[in-house]
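Q: I am attaching a structure below and will ask some questions about it afterwards.
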Amino acid sequence: MEITIRVNGQERTASVPPETTLLTMLRANLGLTGAKLGCDVGDCGACSVLVDGEPVNACLMLAAQAAGRDVLTIEGLGDFQELSPLQEMFELFSSFQCGFCAPGMIISAKALLDKTPNPTAAEVREALSGNLCRCTGYTKIIDAVMEMASRGAAESERA
Ligand code: FES
Ligand code: FES
(Lines give C-alpha, C1' and ligand atoms only; values in the text may rest on other atoms or scores of the structure.)
(Ligands and ions follow the chains in the order given, each with its own letter.)
Protein backbone atom coordinates (compact mmCIF):
# COMPACT_ATOMS: atom_id res chain seq x y z
CA MET A 1 0.00 0.00 0.00
CA GLU A 2 1.07 3.57 -0.61
CA ILE A 3 1.51 5.66 2.53
CA THR A 4 2.25 9.36 2.79
CA ILE A 5 3.50 10.83 6.04
CA ARG A 6 4.68 14.33 6.79
CA VAL A 7 8.14 13.64 8.19
CA ASN A 8 10.23 16.47 9.62
CA GLY A 9 8.11 18.93 7.68
CA GLN A 10 8.22 17.15 4.32
CA GLU A 11 5.67 14.89 2.65
CA ARG A 12 7.26 11.47 2.20
CA THR A 13 5.59 8.57 0.39
CA ALA A 14 6.53 4.90 0.31
CA SER A 15 4.94 1.76 -1.01
CA VAL A 16 5.03 -0.80 1.80
CA PRO A 17 3.26 -4.00 2.91
CA PRO A 18 0.30 -3.23 5.22
CA GLU A 19 2.01 -4.76 8.27
CA THR A 20 5.00 -2.41 7.98
CA THR A 21 5.75 -0.54 11.18
CA LEU A 22 6.40 3.18 11.24
CA LEU A 23 9.95 2.41 12.38
CA THR A 24 10.61 0.18 9.37
CA MET A 25 9.16 2.71 6.97
CA LEU A 26 11.32 5.48 8.45
CA ARG A 27 14.51 3.44 8.49
CA ALA A 28 14.22 1.13 5.49
CA ASN A 29 12.04 3.10 3.10
CA LEU A 30 12.84 6.70 3.91
CA GLY A 31 16.48 6.28 4.95
CA LEU A 32 15.94 7.96 8.33
CA THR A 33 17.99 5.76 10.62
CA GLY A 34 18.10 8.09 13.63
CA ALA A 35 15.31 6.23 15.41
CA LYS A 36 16.87 2.94 16.49
CA LEU A 37 15.60 -0.61 16.47
CA GLY A 38 16.28 -1.92 19.96
CA CYS A 39 13.82 -4.36 21.51
CA ASP A 40 11.11 -4.14 18.81
CA VAL A 41 8.44 -4.74 21.46
CA GLY A 42 7.91 -1.32 23.04
CA ASP A 43 10.22 -1.75 26.02
CA CYS A 44 13.32 0.35 25.33
CA GLY A 45 12.25 3.62 23.70
CA ALA A 46 15.17 3.63 21.25
CA CYS A 47 12.65 4.03 18.42
CA SER A 48 10.87 7.05 19.94
CA VAL A 49 9.52 9.64 17.52
CA LEU A 50 6.83 12.28 17.85
CA VAL A 51 3.54 11.79 16.03
CA ASP A 52 1.46 14.97 16.09
CA GLY A 53 3.66 16.10 18.96
CA GLU A 54 3.17 12.99 21.10
CA PRO A 55 6.01 10.56 21.78
CA VAL A 56 5.37 7.08 20.41
CA ASN A 57 7.35 3.89 20.04
CA ALA A 58 7.66 3.66 16.26
CA CYS A 59 8.24 -0.09 16.52
CA LEU A 60 4.69 -0.51 17.82
CA MET A 61 2.87 1.78 15.40
CA LEU A 62 1.94 0.71 11.92
CA ALA A 63 3.09 3.03 9.18
CA ALA A 64 -0.53 3.14 8.04
CA GLN A 65 -1.53 4.61 11.42
CA ALA A 66 0.83 7.50 10.79
CA ALA A 67 -0.55 8.26 7.33
CA GLY A 68 -1.36 11.93 6.92
CA ARG A 69 0.11 12.79 10.32
CA ASP A 70 3.13 14.83 11.38
CA VAL A 71 6.12 12.75 12.41
CA LEU A 72 9.24 14.23 13.96
CA THR A 73 12.42 12.16 14.13
CA ILE A 74 15.79 13.13 15.54
CA GLU A 75 16.84 14.17 12.02
CA GLY A 76 14.21 16.91 12.26
CA LEU A 77 16.00 18.54 15.20
CA GLY A 78 19.53 19.00 13.97
CA ASP A 79 22.53 17.25 12.52
CA PHE A 80 26.26 17.08 13.14
CA GLN A 81 26.79 20.35 11.28
CA GLU A 82 24.10 22.17 13.20
CA LEU A 83 22.84 20.69 16.44
CA SER A 84 19.62 21.96 17.97
CA PRO A 85 19.98 23.73 21.34
CA LEU A 86 18.63 20.63 23.08
CA GLN A 87 21.16 18.38 21.35
CA GLU A 88 23.92 20.85 22.22
CA MET A 89 22.91 20.68 25.86
CA PHE A 90 23.22 16.89 25.92
CA GLU A 91 26.63 17.25 24.31
CA LEU A 92 27.67 19.86 26.86
CA PHE A 93 26.76 17.51 29.70
CA SER A 94 28.39 14.48 27.99
CA SER A 95 25.12 12.75 28.75
CA PHE A 96 25.66 9.68 26.59
CA GLN A 97 28.27 6.98 26.17
CA CYS A 98 27.50 4.61 23.29
CA GLY A 99 24.70 6.92 22.13
CA PHE A 100 22.27 4.20 21.10
CA CYS A 101 19.56 5.57 23.37
CA ALA A 102 20.27 9.20 22.48
CA PRO A 103 17.85 9.81 19.60
CA GLY A 104 14.89 8.40 21.52
CA MET A 105 15.90 10.09 24.76
CA ILE A 106 16.26 13.48 23.08
CA ILE A 107 12.93 13.12 21.29
CA SER A 108 11.20 12.27 24.59
CA ALA A 109 12.92 15.23 26.26
CA LYS A 110 11.70 17.50 23.49
CA ALA A 111 8.14 16.23 23.89
CA LEU A 112 8.32 17.03 27.60
CA LEU A 113 9.82 20.51 27.23
CA ASP A 114 7.36 21.45 24.48
CA LYS A 115 4.49 20.81 26.89
CA THR A 116 6.15 21.47 30.24
CA PRO A 117 8.88 24.07 29.74
CA ASN A 118 9.85 24.14 33.42
CA PRO A 119 9.57 20.55 34.69
CA THR A 120 10.66 19.19 38.04
CA ALA A 121 13.37 16.52 38.10
CA ALA A 122 10.64 14.00 38.93
CA GLU A 123 8.70 15.06 35.84
CA VAL A 124 11.82 14.67 33.71
CA ARG A 125 12.43 11.19 35.12
CA GLU A 126 8.82 10.24 34.48
CA ALA A 127 8.88 11.59 30.91
CA LEU A 128 12.06 9.65 30.14
CA SER A 129 11.05 6.50 32.00
CA GLY A 130 10.23 4.69 28.76
CA ASN A 131 13.71 5.33 27.37
CA LEU A 132 16.26 2.84 28.64
CA CYS A 133 19.98 3.55 28.76
CA ARG A 134 22.27 0.63 29.42
CA CYS A 135 25.45 2.75 29.73
CA THR A 136 24.79 5.68 32.04
CA GLY A 137 23.14 6.23 35.38
CA TYR A 138 20.77 8.75 33.78
CA THR A 139 22.13 11.57 35.98
CA LYS A 140 23.76 13.57 33.19
CA ILE A 141 20.73 13.00 30.99
CA ILE A 142 18.37 14.42 33.64
CA ASP A 143 20.81 17.27 34.38
CA ALA A 144 20.93 18.28 30.70
CA VAL A 145 17.15 18.45 30.48
CA MET A 146 16.89 20.45 33.71
CA GLU A 147 19.55 22.91 32.50
CA MET A 148 17.78 23.26 29.16
CA ALA A 149 14.56 24.03 31.02
CA SER A 150 16.18 26.61 33.26
CA ARG A 151 17.85 28.35 30.32
CA GLY A 152 14.54 28.35 28.48
CA ALA A 153 12.86 29.88 31.51
CA ALA A 154 15.59 32.54 31.72
CA GLU A 155 15.11 33.34 28.03
CA SER A 156 11.38 33.82 28.42
CA GLU A 157 11.90 36.04 31.49
CA ARG A 158 14.18 38.27 29.40
CA ALA A 159 11.74 38.40 26.48
S1 FES B 1 12.66 -0.67 19.61
FE2 FES B 1 10.76 0.28 19.98
S3 FES B 1 10.59 0.34 22.13
FE4 FES B 1 12.43 -0.77 21.77
S1 FES C 1 24.48 5.84 26.16
FE2 FES C 1 24.52 3.74 25.64
S3 FES C 1 22.46 3.13 25.83
FE4 FES C 1 22.46 5.17 26.56
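Q: Over the range 1-42, with the other protein chains present, what is the accessible area per residue in square angstrom, probe 1.4 angstrom? Please list the in-between numbers first.
A: Numbers: 2210 Å² over 42 residues.
Heavy-atom accessible area per residue stands at 53 Å².
Q: Quick check: at a probe of 1.4 Å, how many percent of the accessible area of the chain sits on carbon and sulfur atoms? Before the final figure, lay out the partial values.
A: Details: 4210 of 8360 Å².
Carbon and sulfur: 50 percent of the exposed surface of the chain.
Q: May I pose another question? Give the residue from 105, 138, 4 lying farthest towards the positive end of the charge dipole for the chain; charges sit on Cβ (+1 for Lys and Arg, -1 for Asp and Glu) and the dipole is referred to the Cα centre.
A: So the residue furthest toward the plus end is 138.
Q: Taking loop as defined by DSSP and a crowding limit of 12 other beta carbons within 10 Å, which trypsin sites (Lys or Arg not before Pro) in the range 56-159 fit?
A: Within the range 56-159, the qualifying trypsin sites (Lys or Arg not before Pro) (loop, at most 12 other Cβ atoms within 10 Å) are 134.
Q: Ignoring solvent entirely, what values of log10 I(q)/I(0) come out of the Debye formula for the chain at 0.08, 0.09, 0.12 Å⁻¹ when each Cα is a single scatterer?
A: Cα-only, vacuum Debye calculation for the chain: -0.23, -0.29, -0.50.
Q: Relative to the longest principal axis of the chain, what angle (0 to 90°, nearest 10) does the C-alpha long axis of helix 102-115 take?
A: The angle comes out near 70 degrees.
Q: I'd like the per residue volume of the convex hull spanned by the Cα atoms of the range 1-73, given in cubic angstrom.
A: It is 69 Å³ per residue.
Q: Also, quick follow-up: How much length would be gained if the chain were fully extended between residue 4 and residue 114, taking 0.36 nm per residue of separation minus their Cα-Cα distance, in nm to one decimal? Write out the running numbers ahead of the final one.
A: Working: separation 110, 0.36 × 110 = 39.60 nm, distance 2.54 nm.
Result: 37.1 nm gained on full extension.
Q: Once you put a point 7 Å from the Cα of residue 79 and another 7 Å from the Cα of residue 98, both along the Cβ direction, what distance in nm separates them?
A: Distance between label points: 2.6 nm.
Q: For a Förster distance of 22 Å, can you work out the FRET efficiency between the beta-carbons of residue 126 and residue 147, rounded to the nearest 0.05?
A: The value I calculate is 0.75.
Q: Please enumerate, by chain and number, the lysines with C-alpha under 18 Å from the C-alpha of residue 36, excluding those fewer than 8 residues away in the same chain.
A: 110
Q: Loop only by DSSP, 14 or fewer other Cβ within 10 Å of the Cβ. Give me the GluC sites (Glu not before Pro) in the range 2-51 that pass, ordered by residue number.
A: Those satisfying the criteria are 19.
Q: Count the net charge of all other residues whose Cβ sits under 12 Å from the Cβ of residue 95, scoring Lys and Arg as +1 and Asp and Glu as -1.
A: Summing Lys/Arg as +1 and Asp/Glu as -1 gives -3.
The values are calculated or read from the model by the stated rules, or taken from the named source; none is laboratory data. Model, not experiment: these values are computed from the prediction. Glycine gets a Cβ as well: all are built from the backbone with ideal geometry, and neighbour counts include every protein chain shown. To get the accessible areas, we keep the full protein, side chains included, count just its heavy atoms, and leave off ligands, DNA and RNA. Shrake-Rupley method; radii C 1.70, N 1.55, O 1.52, S 1.80 Å.
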